[in-house]
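These notes concern the structure reproduced below.
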Amino acid sequence: MKKRDLTSEEKSLWKRTVRDVSPMKDPSNDILPPHKRPVFRQSDKLVEEKLRHHGMPSNIGATRSGPDPFKSGDPRADRHVRRGRAPIDATIDLHGHTQVTARKTLLAFLLNARLSDKRCVLVITGKGASTVPGLPSRGVGSGVLRARLGDWLREEPFRELVVRASPAHPKHGGGGAFYVFLKARTRRKI
C-alpha cells in the first residue's frame, strides 16, 4: 500500500500543532521499552519473612493446587467486571519476566497490595507471541505467563491472598491482563 503525501492544509496544521514543542533534553526521561524497564524485585528471604509475619504459609515453592480462582459464583460482581467497572487499586506488568521471576515478583506485589488494603489489582501478562521459535504455533493467547497465572493463583501462598480472578475488560488490556481480587486483611488483636 502506497503512502500518500500530506496536503498543504495538513502540513500547516501540523506546523501549528508542533510550533511550541521542543526536543527532550534528557534522553533518560524517554519511555523505556519493556525489556529495559526497571524491575521490582524482592529477595525470597524478605518475601518469606513478610508471609510468616502476617501468619501466612511461607512455602513459596509449594505445588498443592486449590479451587479455580476464575470461578466466582457472584453474578453481580461478574457483570461489573465484564463492563470494565472494576476499581483498580494497583497494576503490575510482567512483560519481560521469566516464569521464575514473574512468580516471585507477582507474589511480592500481591502481598504488598494486600498489606496496603488494596482489593482489586490488574496483572498484565501479555497475550503471548503468536509464533515462538521451536514450538508449534497455537495462535494469539499462547503466552507462557498468561497460561501460568491460573496455576500460580491455585497454589499456596497465593490462595491465602486471592479471592478470585477474572479476565480484564478490553480497555484494561483484554486477553493480556487479569483482575485479581484480594482477600480483606484481618486485623490482629493484641
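The values are calculated or read from the model by the stated rules, or taken from the named source; none is laboratory data. Given the structure is predicted, the values throughout are model-derived calculations rather than measurements. Glycine gets a Cβ as well: all are built from the backbone with ideal geometry, and neighbour counts include every protein chain shown.
Looking across LEU106, LEU111, one residue alone is under 12 Å from the mean Cα position of the chain (by Cα) and in a helix (DSSP H, G or I). It is LEU106. The set of residues in the stretch 144-190 that are assigned to a helix (DSSP H, G or I) and among the hydrophobic types (A, V, I, L, M, F, W, C) comprises VAL144, LEU145, ALA147, LEU149, TRP152, LEU153, PHE158, LEU161. Just so you know, in the stretch 147-174 the residues that are touching a helix residue (DSSP H, G or I) at 6+ places or on another chain (Cβ under 8 Å) and of a type in the set (Gly, Ala, Ser) include one that is farthest from ARG82 (Cα to Cα), and it is ALA165.
For the stretch 67-118, a residue qualifies if it is of a type in the set (Asp, Glu) and modelled with pLDDT under 90, and the qualifying residues are ASP68, ASP74, ASP78, ASP89, ASP117.
Applying a threshold of 7 Å to beta carbon distances and a minimum spacing of six or more residues, or different chains, the list of pairs starting in the stretch 59-80 at a residue that is more than 18 Å from ARG119 (Cα to Cα) and ending at one that is assigned to a helix (DSSP H, G or I) and at pLDDT below 65 reads ILE60/ASP44; ILE60/VAL47; ILE60/GLU48.
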